[in-house]
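Comments concern the structure below.
The values are calculated or read from the model by the stated rules, or taken from the named source; none is laboratory data. These figures come from a predicted structure and were not determined experimentally. Every residue, glycine as well, gets a Cβ built from its backbone with ideal geometry; the counts of neighbours run over all protein chains shown. Heads up: the accessible areas ignore ligands, DNA and RNA and are worked out on the full protein's heavy atoms, side chains in. Shrake-Rupley method; radii C 1.70, N 1.55, O 1.52, S 1.80 Å.
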Amino acid sequence: QVQLVESGGGLVQPGGSLRLSCAASGSIDSIYSMAWYRQAPGKQRELAARIGSGGSTYYGNSVKGRFTISRDSAKNTVTLQMNSLGPEDTAVYYCQLVAATIAARSPREYWGQGTQVTVSS
């Protein structure tokens, strides 16, 4: 069983910063990627940032240059540093893990419960 625990959401003023963290635990055998998705009210879930097993990163166009994703492989954690936040960044942010477990050798997706980020004055 794999669990993802997210933290760091909250209310921030426009132009401010927030740092989200996600810790993965359980019978993880190998991690393929970790990512942050977000879903604003009335909109589809979109990929904000992803980091691969080798450290390669991908950013959605709307966050490029403002968000930075990083990973601590030893602790199975992923962090999203968000700067220059605007009201358009308001959303529930979800941590995603793609990993193989000891029981299931084929990689599967796992999701956190989501953390609310609200950007407002």
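Residue by residue through the range 4-55, note down the ones that are among the polar types (S, T, N, Q) and closer than 12 Å to ALA99 by Cβ.
SER25, SER27, SER30, SER33, SER53
Looking only at the range 110-121, which residues are of a type outside the set (Ser, Thr, Tyr) and not in a loop (DSSP other than H, G, I, E, B)?
Matches in the range 110-121: TRP111, GLN116, VAL117, VAL119.
Restricting to the range 67-109, give me the number of residues that are part of a loop (DSSP other than H, G, I, E, B) and open to solvent by 50 Å² or more (accessible area, probe 1.4 Å).
Total satisfying the criteria: 10.
Name the single residue, out of those in the range 51-66 being free of Cβ contacts under 8 Å to residues at least 24 places away in the same chain and assigned to a strand (DSSP E or B), that is most open to solvent (accessible area, probe 1.4 Å).
Once the filter is applied, the top-ranked residue is TYR58.
Filter the range 1-47 down to the residues that are within 16 Å of SER62 (Cα to Cα) and either at pLDDT below 95 or open to solvent by 80 Å² or more (accessible area, probe 1.4 Å) (or both) and list them by number.
If the condition is that a residue be within 16 Å of SER62 (Cα to Cα) and either at pLDDT below 95 or open to solvent by 80 Å² or more (accessible area, probe 1.4 Å) (or both), then LYS43, GLN44, ARG45 are the ones that fit.
Tell me, yes or no, whether the range 110-117 has at least one residue that is open to solvent by 70 Å² or more (accessible area, probe 1.4 Å), closer than 21 Å to ASP29 by Cα and touching a residue at least 24 places away in the same chain (Cβ under 8 Å).
Yes, the range 110-117 contains a residue that is open to solvent by 70 Å² or more (accessible area, probe 1.4 Å), closer than 21 Å to ASP29 by Cα and touching a residue at least 24 places away in the same chain (Cβ under 8 Å).
Give me the pairs: first residue in the range 1-12 and touching a residue at least 12 places away in the same chain (Cβ under 8 Å), second residue polar (S, T, N, Q) and surrounded by fewer than 13 Cβ atoms within 10 Å (Cβ to Cβ), beta-carbon distance under 6 Å, and six or more apart or on different chains, which are they?
Hits for this filter: GLY9/GLN116.
When the range 23-50 is examined, which residues are found to be within 14 Å of PHE67 (Cβ to Cβ) and in contact with a Ser or Thr (Cβ under 7 Å, 6 or more places away or on another chain)?
Once the filter is applied, which keeps residues that are within 14 Å of PHE67 (Cβ to Cβ) and in contact with a Ser or Thr (Cβ under 7 Å, 6 or more places away or on another chain), the range 23-50 yields ALA49, ARG50.
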